[in-house]
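*Asks:* Structure in structure tokens, see below.
The values are calculated or read from the model by the stated rules, or taken from the named source; none is laboratory data. These figures come from a predicted structure and were not determined experimentally. When we count neighbours, we look across all protein chains shown, and the Cβ atoms used for this are built from the backbone with ideal geometry, even at glycine.
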Amino acid sequence: MQKHSDFKDFTLITPTAAMSADTYGGRAKCLQRLIRLEMPVPTTIALSFACVKGIAAGQMPETSVLLSPFGQSPLLSVRPSSQDKDWGGPSAILNIGMNDARHVELINRLGDPLADRLYQRFIRSYAIHVARLDPDDFELPETPNRDTIKAALDAFDSEAGTPFPQNPQVQLAEVLRSMARAWEGTTARLLRQAKGAPADAGLGLVIQSMALGLGKAESGSGVIQFVDEITGEPLVKGRYLPQSQGRDALQADMPSMYLTKDSRGASLEEKLPNVFGDLLRHGAQGRQFLREEMQMEFCIQDGELLILDSVRLPRSSQAAVRIAVALADDGVIAQPEAVLRVEPRALNELLHRQVASTATRDPIARGIPASPGAACGKLVFSGTDAQAHAAQEEACILVRPETTPEDIRGMHAAQAVVTERGGMTSHAAVIGRGLGLPCIVGVSNWTLDVGAKTITTADGRVFSEGDLVTVDGTKGEVLAGQVPMREAALDNTFQTLLGWADQFRDIGVRANADTPADAVTARNFAAEGIGLCRTEHMFFEADRMSVMREMIFADSPEDRKASLDRLLPMQRADFLQLFDIMQGLPVCIRLFDPPLHEFLPSSREGMRELAEALDLALSDVTRRVEAVSEFNPMLGMRGVRLGLTIPEIYDVQSRAIFEATIAAARKGMVIVPEIMIPLVSAKREVEIVKKRIEAVAAAVRTETGADFDFKLGVMVETPRAALRAGDIAQHATFLSFGTNDLTQMTYGLSRDDAGRFMSSYVQQGVYPEDPFHTLDKDGVGELLQIGAERGRAARADVTLSICGEHGGTEDSIQFCRAAGFDYVSCSPFRVPVARLAAAQLALRDSLKDRKT
Ligand code: PEP
Ligand code: MG
């Protein structure tokens with residue numbers, strides 16, 4: 001036997017051979033681990049990345065040396081061993097060394113049918129994968145025999161222009177060369193780079209003594225795993241096929257044998273209980289020492305077990321969570337490692353129902369995937385129709401040019417929402433994420449005719465009201481018809497993993513929650529409070545909307561106050577309910593923000609209804625609606641500007657907050673409400689509002705004889721507020737960065753219209769990503785940085801947070817941690833993802849610190 005020191009750039013895999021995945025690839029390293037565990041692995045040689053690179057460049061190692069550990073006239077397999085198995089690699093080639101002489105030998109040993117099949121298959125795979133001949137010329141006959149083998153050898157001769165090589169050394173060299181070259185090919189390189197492989201990613205190869213899986217006594221091959229790859233539940237699963245090789249057992253049409261006892265047929269457990277027992281033992285050993293849930297490829301040769309390979313079990317997100325938790329519970333890995341093993345984004349799959357990966361997809365429209373999950377229902381084109389369907393308990397999909405507050409009830413009634421206009425932070429997107437409703441915005445490849453209630457797709461198909469479609473909000477695709485779904489899969493292990501994550505997290509995670517339902521979701525996902533309650537969303541219920549409209553139409557401050565007084569008890573009840581649900585956790589309430597016209601009808605019919613309700617002439621209503629409409633409402637009279645010009649609105653809201661605080665205190669809760677002023681751009685705005693709010697607080701204290709505390713803060717969402725954060729912080733105990741408006745204003749880019757051209761901008765590389773989706777760290781980020789620094793310099797204990805839609809994404813959490821923010825606040829359904837992402841960032845930092 002050759003000593004491994006005799007090998008250059010390739011080595012016999014022994015327990016002590018110097019071998020790392022960075023040099024020889026993951027498969028080689030894993031095989032060494034199995035050998036160290038004394039599993040029955042056939043003799044294997046590993047070729048390093050450098051060696052394979054050399055082979056591609058024409059420097060073939062001495063094949064006689066390569067063959068020497070395998071004894072006289074061996075049969076071999078060669079498999080790829082790339083650094084990361086996701087980067088792919090050429091297909092494995094089995095039975096190298098097969099030739100006329102070995103064929104005769106095998107006929108004597110195994111009989112004609114098995115020997116013929118084996119030789120025929122090798123000729124075919126060599127012809128296709130090594131000599132690159134046309135597969136059609138090497139079809140596998142149903143029952144190979146000497147004639148079909150001769151025909152295949154002749155075909156090789158005539159197509160390749162050279163006889164089929166009989167010399168095992170030549171065969172091996174050609175196999176190695178073709179696999180090495182395939183890795184260097186442009187297509188393979190582009191494919192693996194798309195999966196994140198570096199340009200110079202290496203390929204290793206392993207040459208292994210072939211376990212035939214064919215023999216007179218029980219022989220065959222199979223694959224075994226010890227948990228279910230979809231649910232992660234412990235379960236022995238796999239297939240075994242007698243008289244087979246490689247992954248034959250996995251072919252669906254093969255009559256494979258059950259692994260465990262099964263009433264439906266024969267099982268390996270019954271047939272070879274000792275071998276089955278050994279498989280379980282090796283499985284448990286592998287899990288313990290490879291510290292991973294593995295899938296093992298095995299072979300039985302004349303009743304004897306061989307382990308050929310072991311790979312990390314491919315798994316669903318649900319299984320990933322369960323497996324990580326189980327490994328930590330069993331002490332195989334530590335809790336921090338379990339937390340690091342689950343991709344935060346994968347949690348989305350657990351939180352929402354998804355289109356099944358096996359579903360046949362017929363996309364009829366594409367847009368921005370604004371809220372993940374999938375739903376199926378009948379097309380409807382108005383909020384009222386959505387409500388009518390909901391009343392009949394019929395699932396529906398609401399399609400609108402864009403949504404406005406008028407559509408809120410329709411959105412609640414629908415299973416999913418699709419809009420033609422809009423971007424990641426437009427109305428439909430924000431509400432959709434809040435409700436956990438699948439949502440696609442900015443669909444441009446269809447023609448929407450709301451009047452005719454039709455959609456015409458790019459390929460000319462027409463879909464009308466009542467037609468069934470599926471919305472895949474995760475991918476941003478509307479699909480024709482109903483497609484199979486996979487249900488959301490929240491279970492205890494999910495909660496356990498997030499509980500562990502919270503121990504390592506060093507930045508807070510709150511939720512943006514406007515309604516009691518949002519708050520309940522936020523609590524269930526263990527948000528540490530509400531970071532943004534957009535109070536205007538409380539006014540969109542029908543009964544409140546009419547009072548709001550009366551208030552807007554009021555002729556005098558007295559009339560306005562009368563309407564607002566009707567809103568007061570409703571708001572008080574809203575806040576008390578939020579305090580109740582959040583059980584003493586902080587609740588940050590943002591004062592009224594949107595332009596008033598959002599509360600007014602836009603259609604003639606709506607205006608007529610309003611005229612009726614307010615007992616006014618239609619012309620009066622139309623005139624007033626026109627009077628409050630603005631050319632550029634997002635930059636017009638909204639936020640604090642409204643608070644300054646119609647101060648009664650903020651007066652009544654702060655009174656409602658204080659009275660709810662007192663009511664909560666009477667129920668035994670200690671609440672310190674946080675009141676946030678939106679759209680600030682100047683310190684003076686804060687001073688004026690603060691003075692009024694303090695006056696309201698004083699009045700409530702006097703009237704009720706009760707004392708309470710509150711915090712007043714500012715939403716930093718205009719560039720000027722970020723630049724003047726030092727001034728502003730003098731009057732604010734907290735600064736919360738609203739990155740939706742801040743992105744809109746920094747870019748001068750409408751958050752409601754950007755969806756139309758965003759994909760073209762991203763495709764042309766103008767923006768690397770949609771800045772409403774991925775925080776622009778260069779521009780908007782610089783403003784956050786400046787705002788945070790100036791705010792902190794002016795007031796060291798100012799609380800810093802982010803509450804725009806970016807709050808839940810991993811990269812913005814990373815940014816906020818680095819900038820010293822106290823917490824992020826995001827849609828309730830993003831809270832779990834944010835908790836996990838934040839924990840992973842902290843853990844990785846502590847690992848880095850330990851290394852340095
Ligand atoms: C923001 O602008 O980032 C924000 C959170 O407020 P809204 O989305 O309500 O404008
Ligand atoms: Mg805003």
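*Asks:* Can you tell me which condition SER603 does not meet? The list is (1) under 43 Å from the mean Cα position of the chain (by Cα); (2) in the same structural domain as LYS561 (by TED's automatic domain parsing), and all the others hold.
*Replies:* The one condition SER603 does not meet is (2).
*Asks:* Considering region 679-721 alone, what residues qualify as being within 16 Å of ligand 1 (Cβ to nearest atom) and either of a type in the set (Lys, Arg) or touching a residue at least 60 places away in the same chain (Cβ under 8 Å) (or both)?
*Replies:* LEU679, GLY713, MET715, VAL716, GLU717, PRO719, ARG720, ALA721
*Asks:* Condition first: closer than 30 Å to THR360 by Cβ, free of Cβ contacts under 8 Å to residues at least 24 places away in the same chain and among the charged types (D, E, K, R). Can you find one or more residues in region 426-443 that meet it? Can you show your working first?
*Replies:* Initially, region 426-443 is screened for residues closer than 30 Å to THR360 by Cβ, giving 428-429, 432-433, 435-443.
Remaining after also requiring free of Cβ contacts under 8 Å to residues at least 24 places away in the same chain: none.
Checking region 426-443: not a single residue is closer than 30 Å to THR360 by Cβ, free of Cβ contacts under 8 Å to residues at least 24 places away in the same chain and among the charged types (D, E, K, R).
*Asks:* Something else: Regarding region 573-592, can at least one residue be identified that is touching a residue at least 12 places away in the same chain (Cβ under 8 Å), of a type in the set (Phe, Trp, Tyr), in contact with a strand residue (DSSP E or B) (Cβ under 8 Å, 6 or more places away or on another chain) and not in a loop (DSSP other than H, G, I, E, B)?
*Replies:* Checked against the condition, which is being touching a residue at least 12 places away in the same chain (Cβ under 8 Å), of a type in the set (Phe, Trp, Tyr), in contact with a strand residue (DSSP E or B) (Cβ under 8 Å, 6 or more places away or on another chain) and not in a loop (DSSP other than H, G, I, E, B), region 573-592 yields at least one hit.
*Asks:* Quick one: ALA390 ticks every box in (1) under 20 Å from SER602 (Cα atoms); (2) in a helix (DSSP H, G or I) bar one, so which box is it?
*Replies:* (1)
*Asks:* Taking region 445-473 on its own, how many of its residues are surrounded by 20 or more Cβ atoms within 10 Å (Cβ to Cβ) and more than 16 Å from ARG421 (Cα to Cα)?
*Replies:* 5
*Asks:* Name the pairs whose Cβ atoms lie under 7 Å apart, with the first residue in region 174-192 and without any contact (Cβ under 8 Å) to a residue 60 or more places away in the chain and assigned to a helix (DSSP H, G or I), the second surrounded by fewer than 19 Cβ atoms within 10 Å (Cβ to Cβ) and among the hydroxyl-bearing types (Ser, Thr, Tyr), and 6 or more positions between them or separate chains?
*Replies:* So the pair list comes out empty.
*Asks:* Being modelled with pLDDT of 90 or more, closer than 13 Å to GLU218 by Cα and surrounded by 20 or more Cβ atoms within 10 Å (Cβ to Cβ) narrows it down to one residue among LEU259, LEU268, LEU279; which is it?
*Replies:* LEU268
*Asks:* In addition: Output the residues belonging to region 740-751 that are within 11 Å of ligand 1 (Cβ to nearest atom) and either in a loop (DSSP other than H, G, I, E, B) or within 19 Å of LEU532 (Cα to Cα) (or both).
*Replies:* If the condition is that a residue be within 11 Å of ligand 1 (Cβ to nearest atom) and either in a loop (DSSP other than H, G, I, E, B) or within 19 Å of LEU532 (Cα to Cα) (or both), then ASN740, ASP741, LEU742, THR743, GLN744, ARG751 are the ones that fit.
*Asks:* Could you list, in sequence order, all residues of region 722-739 that are within 14 Å of ligand 1 (Cβ to nearest atom) and touching a helix residue (DSSP H, G or I) at 6+ places or on another chain (Cβ under 6 Å)?
*Replies:* ALA722, LEU735, PHE737, THR739
*Asks:* For region 308-364, give me the residue count where each residue is of a type in the set (Val, Ile, Thr) and surrounded by fewer than 16 Cβ atoms within 10 Å (Cβ to Cβ).
*Replies:* Residues that pass the stated criteria total 2.
*Asks:* If you don't mind, another one. Got a sec? Which helices (runs of 4 or more DSSP H) wholly within region 752-847 have at least 2 residues that are at pLDDT 95 or above and in contact with a strand residue (DSSP E or B) (Cβ under 6 Å, 6 or more places away or on another chain)?
*Replies:* 780-794, 810-818
Rundown of residues vs (1) within 51 Å of the chain's Cα centre (by Cα); (2) surrounded by 14 or more Cβ atoms within 10 Å (Cβ to Cβ); (3) part of a helix (DSSP H, G or I), yes/no style:
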residue	(1), (2), (3)
GLY89	yes, yes, no
LEU114	yes, yes, yes
ARG124	yes, yes, yes
HIS129	yes, yes, yes
ARG132	yes, no, no
ASP136	yes, no, yes
PRO141	yes, yes, no
LEU153	yes, yes, yes
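*Asks:* Only residues in region 742-754 that are over 12 Å from SER426 (Cβ atoms) count as the first member; pair them with residues that are acidic (Asp, Glu) and more than 14 Å from ligand 2 (Cβ to nearest atom), Cβ under 6 angstrom, at least 6 apart or cross-chain, and list the lot.
*Replies:* Pairs found: none.
*Asks:* Let me ask something else. Any idea which of (1) under 22 Å from the mean Cα position of the chain (by Cα); (2) within 24 Å of ASN512 (Cα to Cα) is the one ASP797 doesn't satisfy?
*Replies:* (1)
*Asks:* In region 606-620, how many are free of Cβ contacts under 8 Å to residues at least 24 places away in the same chain, more than 44 Å from the chain's Cα centre (by Cα) and part of a helix (DSSP H, G or I)?
*Replies:* The total comes to 7.
Table: residues versus (1) over 19 Å from CYS588 (Cα atoms); (2) outside the structural domain of VAL672 (by TED's automatic domain parsing); (3) surrounded by fewer than 18 Cβ atoms within 10 Å (Cβ to Cβ); (4) within 16 Å of ligand 2 (Cβ to nearest atom).
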position: ALA698; (1), (2), (3), (4): yes, no, yes, no
position: ALA706; (1), (2), (3), (4): yes, no, yes, no
position: VAL716; (1), (2), (3), (4): no, no, no, yes
position: ARG720; (1), (2), (3), (4): yes, no, yes, yes
position: SER736; (1), (2), (3), (4): no, no, no, yes
position: ASP741; (1), (2), (3), (4): no, no, no, yes
position: MET745; (1), (2), (3), (4): yes, no, no, yes
position: GLY748; (1), (2), (3), (4): yes, no, yes, yes
position: SER759; (1), (2), (3), (4): yes, no, yes, no
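*Asks:* Scan region 833-841 and give yes if some residue there is closer than 25 Å to ASP727 by Cβ and either under 20 Å from the mean Cα position of the chain (by Cα) or of a type in the set (Phe, Trp, Tyr) (or both), otherwise no.
*Replies:* no
*Asks:* Let me ask another. Among the listed residues ASP467, ASP472, ASP407, ASP491, identify the single one that is touching a residue at least 24 places away in the same chain (Cβ under 8 Å) and in contact with a helix residue (DSSP H, G or I) (Cβ under 7 Å, 6 or more places away or on another chain).
*Replies:* Going through ASP467, ASP472, ASP407, ASP491 in turn, just one is touching a residue at least 24 places away in the same chain (Cβ under 8 Å) and in contact with a helix residue (DSSP H, G or I) (Cβ under 7 Å, 6 or more places away or on another chain): ASP407.
*Asks:* Do the conditions hold for ALA656, that is, is it surrounded by fewer than 16 Cβ atoms within 10 Å (Cβ to Cβ), assigned to a helix (DSSP H, G or I) and away from ligand 2 (no atom under 16 Å from the Cβ)?
*Replies:* Values: surrounded by fewer than 16 Cβ atoms within 10 Å (Cβ to Cβ): no; assigned to a helix (DSSP H, G or I): yes; away from ligand 2 (no atom under 16 Å from the Cβ): yes.
So ALA656 does not fit the description; no.
*Asks:* Can you spot a residue in region 524-547 that is of a type in the set (Ser, Thr, Tyr) and within 16 Å of ligand 2 (Cβ to nearest atom)?
*Replies:* yes
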